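Student: Pasting a structure here, questions to come.
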Amino acid sequence: MAYLDEYQKSITDPATFWKEKAEALEWFKFPQQILSKDENGIDRWFADGEMNTCHMALDYHIAAGRGDQVAIYYDSPVTDTKKAYTYTELRDQVALFAGVLKAQGVSKGDRVVVYMPMVPEAAIAMLACSRLGAIHSVVFGGFAPNELAVRIDDAEPKVIVSSSCGIEIQKVIPYKPLLDEAINLSAHKPEKCIVFQRPQAEASMVEGRDLDWNEAMASATPADCVPVNGTDPLYVLYTSGTTGKPKGVVRDNGGHATALKYSMKAIYDMDPGDVFWAASDVGWVVGHSYIVYGPLLAGLSSVFYEGKPVRTPDAGAFWRVAEEYGVKGLFSAPTAFRAIKKEDPNSEQLKPYDLSKLKYIFMAGERLDPPTYHWVKDLLGLPVVDHWWQTETGWAICANLMGIEPREAKPGSATLPVPGFNVQILDNEGNEVGPNEQGNVAIKLPLPPSCLPTVWGDFERFRTGYLNEYAGYYVSGDGGYKDDDGFVFIMGRTDDVINVAGHRLSTGEMEEIVASHPAVAECAVIGVNDPLKGQMPLGMVLLKDGAEVDEAELESELVGMVRKEIGAVACFKKAIVVQRLPKTRSGKILRKLLRQIADGQEYTIPSTIDDPASLPEISDIMDSHGLVSR
Ligand code: COA
Ligand code: AMP
C-alpha cells in the first residue's frame, strides 16, 4: 500500500506532494510558487524559490558535519589511479575552479561546454558552473568534432573546458585536436578554452585562447555560490532526436534538485553515507543525475569510474570496485552485464570478491532483456531493478521503488510509474487503451519536477516534438503496454532513435550522412537486434543509376563517413546495397518492416505498400549477408 498511497498523493495533489519533497533541501528562500505556468504556458516548479544546486550538493553537507566524508571515489584502471575527495576537498576544488571561470568572465546564465573523459575534473567543472549559476553543457567524449561543433553553435559557450585526452580500452584518444577541429568548424567561437593536461597525451595550446587547468587553479580565488531561481537552467544536455540536429534538453535547478534528492531514497533506497556507483559516463544523463548530482544532493559517496566493465583489465572489474568501496547500489546498462557474461560466462572473476555490502543492481538505458535479468539475478541473488527513463526527464519514469515498497519484479517490465509520472498508453488517436494493449507511452501533464520545460533556444521544437501529438500529454517516443497489474513494459522506440550499448543515437542522422555519398541515391538506416549491444545500426543503400562501385569499398567509405561525422560511438559498421526499398504509396520507407525482417520476426504487409515484391527481395539480400537473426 505504501506505493499506492505515495503515487496517488503525487497525482491528485502534485503541488503539496512536491512542496514536501522540496523541504528536504536547503533553499536560500523557500518557494511560495510550487507549480506555476511560464510564458510558454508550460508547468514549472518552484519558480520563485532561491537556491544554488552546488550549495545543496556540497556546502550544505559540510555545514551539517559531513565535510570529512568521501564525496567522490575516483577509480581509474586505465591510468592506474585511485583518489578520494571528501566533501570539503571537493567543495574547495569546485570553489577554486568557479573562481577560474569567474576570472574569465563567466557569470550567471553563461554557457560552458565541458568535453572531458571520466576524470573528477569533469565533475568539478560541472559543479563550478552550477556554483556560479552558469549553465554547463557536457558533450560525451566519444562524439566526433562535427557533433561537438553542432553543440557549440547551439549552446554558444563563453568558455570550453576540456582535457588533453581520454583513455579507452588500450588506446589513448587525444581530445584536444578534436576540440580544435570542432572550434574550426563552428561558427560560434568560445573566448577561452581551459585544458586539463594528462600525462598520457600533451595537448598543444592556442596562444591567447587556451589556459592550462593547473596553472589557472594555482592563482585562482575561490568563488561563492550565486543564488538562482528554481526555474533557472542548471544545464543543457544534447540528445539524439530524429534528425541530424540534436536536441538541447534544458534542466532547471529547483525541480532537478528536488526530484533527484527524492529519488535517491524512493527508488534507490540510499541513505546519507551510503556508497552509490553509476557505472556510466558524465556525458550521458545517467552520469549527470547519478554520478554527480543525485548522490551528492543526498549526502552519499559516489564512485567515479574511468574504465569499462571488461578489458580494464578483466571482467571482474565491476566486482572489484563494488568490494573495494563498499558499494550498496550499482547502476549500469544491461549491455555492460552482457559484456561481462560474454567474457566470463562461468563468473570465475566474481569469486575472489566479497560483495556483502552490495544490495541492489539497477539497470537502464535500454530494455533489460529477460535473459540478462535472470543471469544477473541468479548470479548475485540481489534485487535487479529495471527502470525506464530518458534524458528529457532526468530521472526514472517507471521503476521498482526499493525505498518505498519493493515489488516482485516481472522480467521485461520496468515495473510501476514513479510517483509524479502519470503514465498512460495511448492509441494513435490519443485514446487511453486497456491492459495488455500496445500503444504509445505518454505522460499526462503536468510533468513532475526535473523534466525538460523546453528545448534550448527552440520552444517550438519542444512543443511539436513532445506536446502537440496528444493534447494534455507528453509523448515519450517509446512504445509499450501495461499489464493487468499496471506493470509497464517498454518495447522500443516508435521513431528513428536507437540505443547502441546504452548510447542513444539517431538513425535519421546516419541516413543524412550515408545519403551524402556521391554514389548513393537513397538509403535507410535501421537498428537491428544485437546480442551484446542491444541494437546496432544497419545501412541499406540504393545506388544511383550507372554508379559503378565495389560494394565492400562503398561500405568501408560509408562506415568511415559516419565515424568521422558522428564518432566511433555510433558503431555504424554494416551497409549493404539493395535494389529497392519497401515504401508506402506516398513514398515513406517502411523502416519498421525492415527491422522486423532483420530481426527474423513475423510481419504483416501493410495495404499501403507500393511494391510488395521488394520485401522478399530485401529479405534474401539480408540473408545472403548473414544479417537476419534466427
Ligand atoms: N571517448 C572516445 N571514444 C569512445 C568513448 C569515449 N568516451 N566511448 C566509446 N568510445 C569508442 C570506443 O573506443 C569504440 O571505438 P572503436 O570502434 O574504435 O573500438 C566505439 O566508441 C564504440 O564504443 P562502445 O560501443 O562503448 O564499445 P566497446 O567495445 O568499447 O565497449 C561495452 C562495449 C559494452 C563494454 C561498453 O559499451 C559499455 O561499457 N557500455 C555501457 C554503456 C553505458 O554505460 N551507458 C550509459 C547508460 S547507463
Ligand atoms: P536516453 O535519453 O539516452 O536515456 O535514452 C532514452 C531511451 O532509452 C528511452 O526512450 C528508451 O527507448 C530507452 N530506455 C531507457 N531505459 C530503458 C528501459 N529501462 N527499458 C526500455 N527502454 C529504455
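Student: State yes or no: is A552 small (G, A, S) and surrounded by fewer than 17 Cβ atoms within 10 Å (Cβ to Cβ)? Break it down stepwise before answering.
Tutor: Numbers: small (G, A, S): yes; surrounded by fewer than 17 Cβ atoms within 10 Å (Cβ to Cβ): yes.
For A552, the condition - small (G, A, S) and surrounded by fewer than 17 Cβ atoms within 10 Å (Cβ to Cβ) - is met.
Student: Can you pull out the strands (runs of 3 or more DSSP E) entirely within segment 116-192 that have at least 1 residues that are touching a Phe, Trp or Tyr at 6+ places or on another chain (Cβ under 9 Å)? Full working, then the answer.
Tutor: Details: elements: 135-138, 159-163, 165-168, 171-174.
Fully inside segment 116-192 and qualifying: 135-138, 159-163, 165-168.
Student: Still on this structure: How about segment 442-480: which of its residues are among the basic types (K, R) and either over 23 Å from L416 (Cα atoms) or within 16 Å of ligand 1 (Cβ to nearest atom) (or both)?
Tutor: Across segment 442-480, the qualifying residues are R461, R463.
Student: Continuing with the same structure: Just the residues that are in a helix (DSSP H, G or I) and either buried (at least 20 other Cβ atoms within 10 Å of the Cβ) or not hydrophobic (A, V, I, L, M, F, W, C) (or both), please, taken from segment 33-62.
Tutor: Here is the first cut: in segment 33-62, the residues in a helix (DSSP H, G or I) are 53-62.
Answer for segment 33-62, where residues must be in a helix (DSSP H, G or I) and either buried (at least 20 other Cβ atoms within 10 Å of the Cβ) or not hydrophobic (A, V, I, L, M, F, W, C) (or both): T53, C54, H55, M56, A57, L58, D59, Y60, H61.
Student: Let me ask you something else. Hey, any hits in segment 515-529 for a residue that's under 21 Å from the mean Cα position of the chain (by Cα) and either away from ligand 1 (no atom under 16 Å from the Cβ) or surrounded by fewer than 17 Cβ atoms within 10 Å (Cβ to Cβ) (or both)? Step through it out loud before you land on a result.
Tutor: Of all residues in segment 515-529, those under 21 Å from the mean Cα position of the chain (by Cα) come to 526-529.
Pick out the ones that are also either away from ligand 1 (no atom under 16 Å from the Cβ) or surrounded by fewer than 17 Cβ atoms within 10 Å (Cβ to Cβ) (or both) and you get 526, 529.
The answer is yes; a qualifying residue exists.
Student: Continuing with the same structure: Run R407 past the list (1) away from ligand 1 (no atom under 16 Å from the Cβ); (2) more than 30 Å from W45 (Cβ to Cβ); (3) surrounded by fewer than 20 Cβ atoms within 10 Å (Cβ to Cβ) and report the number of the one that doesn't hold.
Tutor: Of the numbered conditions (1) away from ligand 1 (no atom under 16 Å from the Cβ); (2) more than 30 Å from W45 (Cβ to Cβ); (3) surrounded by fewer than 20 Cβ atoms within 10 Å (Cβ to Cβ), the odd one out for R407 is (2).
Student: Out of contact with any helix residue (DSSP H, G or I) (no Cβ under 9 Å at 6 or more places or on another chain) and closer than 30 Å to V525 by Cβ, is that true of Y175?
Tutor: On the way: out of contact with any helix residue (DSSP H, G or I) (no Cβ under 9 Å at 6 or more places or on another chain): yes; closer than 30 Å to V525 by Cβ: yes.
Yes: the conditions hold for Y175.
Student: Quickly run through segment 226-254 and pick out the residues that are among the hydrophobic types (A, V, I, L, M, F, W, C) and closer than 16 Å to D110 by Cβ. Give the steps one after another, and end with the answer.
Tutor: Of segment 226-254, the ones among the hydrophobic types (A, V, I, L, M, F, W, C) are 226, 228, 234, 236-237, 249-250.
Those that are among the hydrophobic types (A, V, I, L, M, F, W, C) and closer than 16 Å to D110 by Cβ: V226, V228, L234, V236, V250.
Student: Just checking, which of R111, R91 is over 14 Å from V226 (Cβ atoms), without any contact (Cβ under 8 Å) to a residue 40 or more places away in the chain and touching a Cys at 6+ places or on another chain (Cβ under 9 Å)? Write out each step before concluding.
Tutor: Numbers: R111 fails: without any contact (Cβ under 8 Å) to a residue 40 or more places away in the chain.
Unique residue meeting the criteria: R91.
Table: residues versus (1) at pLDDT below 95; (2) more than 23 Å from K192 (Cα to Cα); (3) touching a Phe, Trp or Tyr at 6+ places or on another chain (Cβ under 8 Å).
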residue: G67; (1), (2), (3): no, yes, yes
residue: Y73; (1), (2), (3): no, yes, yes
residue: A84; (1), (2), (3): no, yes, yes
residue: L90; (1), (2), (3): no, yes, no
residue: A103; (1), (2), (3): no, no, no
residue: K108; (1), (2), (3): no, no, no
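Student: Against the definition (buried (at least 23 other Cβ atoms within 10 Å of the Cβ), touching a residue at least 12 places away in the same chain (Cβ under 8 Å), of a type in the set (D, E, K, R) and more than 22 Å from E147 (Cα to Cα)), how does D212 come out, yes or no?
Tutor: On the way: buried (at least 23 other Cβ atoms within 10 Å of the Cβ): no; touching a residue at least 12 places away in the same chain (Cβ under 8 Å): yes; of a type in the set (D, E, K, R): yes; more than 22 Å from E147 (Cα to Cα): yes.
So D212 does not fit the description; no.
Student: Any residue at all in segment 312-320 that's farther than 20 Å from G67 by Cα, free of Cβ contacts under 8 Å to residues at least 40 places away in the same chain and touching a Leu at 6+ places or on another chain (Cβ under 6 Å)?
Tutor: Here is the first cut: in segment 312-320, the ones farther than 20 Å from G67 by Cα are 312-320.
Keeping just the survivors that are free of Cβ contacts under 8 Å to residues at least 40 places away in the same chain gives 314-316, 318-320.
Then keep just the ones that are touching a Leu at 6+ places or on another chain (Cβ under 6 Å); that gives 319.
Checking segment 312-320: at least one residue is farther than 20 Å from G67 by Cα, free of Cβ contacts under 8 Å to residues at least 40 places away in the same chain and touching a Leu at 6+ places or on another chain (Cβ under 6 Å).
Student: Going by the conditions given, is T454 more than 9 Å from ligand 2 (Cβ to nearest atom) and within 15 Å of N40 (Cα to Cα)?
Tutor: Numbers: more than 9 Å from ligand 2 (Cβ to nearest atom): yes; within 15 Å of N40 (Cα to Cα): yes.
In short, yes.
Student: Of T53, T79, which residue is among the β-branched types (V, I, T) and more than 28 Å from T454 (Cα to Cα)? Lay out the reasoning, then the answer.
Tutor: On the way: T53 fails: more than 28 Å from T454 (Cα to Cα).
Result: T79 is the single residue among T53, T79 that is among the β-branched types (V, I, T) and more than 28 Å from T454 (Cα to Cα).
Student: For the structure I just gave you, tell me whether M270 is assigned to a loop (DSSP other than H, G, I, E, B), farther than 26 Å from E168 by Cβ and away from ligand 2 (no atom under 15 Å from the Cβ). Break it down stepwise before answering.
Tutor: Numbers: assigned to a loop (DSSP other than H, G, I, E, B): yes; farther than 26 Å from E168 by Cβ: yes; away from ligand 2 (no atom under 15 Å from the Cβ): yes.
Judged against the criteria, M270 is a match.
Student: Something else: Which of the residues that make up segment 249-267 are assigned to a loop (DSSP other than H, G, I, E, B) and touching a Ser or Thr at 6+ places or on another chain (Cβ under 7 Å)?
Tutor: Initially, segment 249-267 is screened for residues assigned to a loop (DSSP other than H, G, I, E, B), giving 253, 267.
The answer is N253, and nothing else.
The values are calculated or read from the model by the stated rules, or taken from the named source; none is laboratory data. As the structure is a computational prediction, the values presented were derived from the model and not from experiment. Here Cβ is always computed from backbone atoms with ideal geometry, including for glycine, and neighbour counts include all displayed protein chains.
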